[in-house]
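Student: I have a structure here, written as structure tokens, and I will follow up with some questions on it.
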Amino acid sequence: MRLARWAGAVYLAFIAAFAAATFFESKPIVHNDAAGTAKAILAAQEFFRLGVVMELVAALLFLLAAWMLYVLLKPAGRNLALLFLLLNAVGVGIECVDVLIRFTALTIDRTVASTALQADQLQALALIFLKFSDNGNLVTALFYSVWLFPLGFLVIKSRLLPKIFGILLFADGISLLICFVQMWFFPGYERWMYPLYPVMFVAEFGLGLWLVIKGARVVEPASSASASQ
């Protein structure tokens with residue numbers, strides 16, 4: 001199916017854009033150091049700005065990929081397909097708000113000369129915005145984990161794709177849920193998550209790559225199949 005190949009291509013483009021955004025945005029941020037963060041951001045404004053744009057592009061691509069998967073899998077279960085599309089859309093909406101908040105930190109750091117506030121006050125305010133955006137990312141992780149369960153179920157039920165991808169999507173959702181719990185309740189134990197990252201990558205990159213290369217199977221309706229026997 002042409003739609004399946006497009007869905008895979010957009011999904012892979014989302015993964016690439018998100019990886020680029022993570023690379024560009026992570027470099028300027030010095031956590032728990034307002035002055036250091038401000039200096040780092042201002043010294044690498046172009047990278048930070050590019051990271052923000054790339055994350056917005058990634059969010060748009062993610063939503064488009066989810067819509068294409070919704071159209072592809074809707075015949076297998078309309079309600080579940082709508083559920084995963086809505087969960088994805090809510091997560092994308094929260095992420096876009098987080099991105100705007102993060103970009104506001106750059107705007108604040110650049111207004112030192114045009115405000116009555118002291119430089120250290122503006123730097124502290126910018127760091128607060130960055131931390132607020134980080135908290136928003138935690139909420140996003142919840143929606144980005146839960147949407148994988150109805151998606152994985154429909155992948156298995158539809159028979160359009162190998163069942164292994166449905167199982168991998170379930171594993172991906174569980175991994176992201178574990179990440180969500182770790183970030184909220186055990187923020188100092190990021191190493192717990194390292195073994196889960198390959199699971200997430202294989203599930204989502206593998207799904208996108210399969211769709212691009214193989215597309216989706218054409219499944220005959222039950223009535224047609226029985227009539228041909």
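The values are calculated or read from the model by the stated rules, or taken from the named source; none is laboratory data. Because the structure is predicted, anything quoted here is derived from the model rather than measured. With ideal geometry, Cβ positions are generated from the backbone for all residues, glycine too; neighbour counts draw on all protein chains shown.
Student: Would you be able to say whether some residue in segment 181-192 is surrounded by fewer than 21 Cβ atoms within 10 Å (Cβ to Cβ) and touching a Gly at 6+ places or on another chain (Cβ under 8 Å)?
Tutor: Looking through segment 181-192, none of the residues is surrounded by fewer than 21 Cβ atoms within 10 Å (Cβ to Cβ) and touching a Gly at 6+ places or on another chain (Cβ under 8 Å).
Student: Could you give every pair whose Cβ atoms fall below 7 Å, whose first residue belongs to segment 86-111 and is hydroxyl-bearing (Ser, Thr, Tyr), and whose second residue is modelled with pLDDT under 85, counting only separations of at least 6 or pairs across chains?
Tutor: That search, which allows pairs on different chains as well, returns Thr104/Phe129; Thr111/Leu122.
Residue by residue, here is whether (1) closer than 19 Å to Ala17 by Cα; (2) within 14 Å of the chain's Cα centre (by Cα); (3) surrounded by 19 or more Cβ atoms within 10 Å (Cβ to Cβ) holds:
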{"position": "Val71", "(1), (2), (3)": "no, no, no"}
{"position": "Pro75", "(1), (2), (3)": "no, no, no"}
{"position": "Arg78", "(1), (2), (3)": "no, no, no"}
{"position": "Val90", "(1), (2), (3)": "no, yes, no"}
{"position": "Glu95", "(1), (2), (3)": "yes, yes, yes"}
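Student: Consider Leu142 against the criteria (1) crowded, with 17+ Cβ neighbours inside 10 Å; (2) modelled with pLDDT under 90: it satisfies all of them except one. Which criterion is unmet?
Tutor: Every listed condition holds for Leu142 apart from (2).
Student: Something else about it: Given the options Leu196, Leu169, name the one that is out of contact with any Pro (no Cβ under 8 Å at 6 or more places or on another chain), modelled with pLDDT of 95 or more and in a helix (DSSP H, G or I).
Tutor: The match here is Leu169.
Student: Here's a follow-up. Quick test for you: out of Ala21, Ala9, Ala40, pick the one residue that is crowded, with 16+ Cβ neighbours inside 10 Å and at pLDDT 95 or above.
Tutor: Sole residue among the options that is crowded, with 16+ Cβ neighbours inside 10 Å and at pLDDT 95 or above: Ala9.
Student: Determine if segment 213-225 includes at least one residue that is in a helix (DSSP H, G or I) and at pLDDT 85 or above.
Tutor: yes
Student: Another question, if that's okay. Which residues, counting only those in segment 75-126, are hydrophobic (A, V, I, L, M, F, W, C), modelled with pLDDT of 90 or more and either within 24 Å of Leu3 (Cβ to Cβ) or not in a helix (DSSP H, G or I) (or both)?
Tutor: Correct list: Ala76, Leu80, Ala81, Leu82, Leu83, Phe84, Leu85, Leu86, Leu87, Ala89, Val90, Val92.
Student: Could you grab me the full set of residues in segment 24-37 that are surrounded by fewer than 19 Cβ atoms within 10 Å (Cβ to Cβ) and either at pLDDT 85 or above or part of a helix (DSSP H, G or I) (or both)?
Tutor: Ser26, Ala35, Gly36
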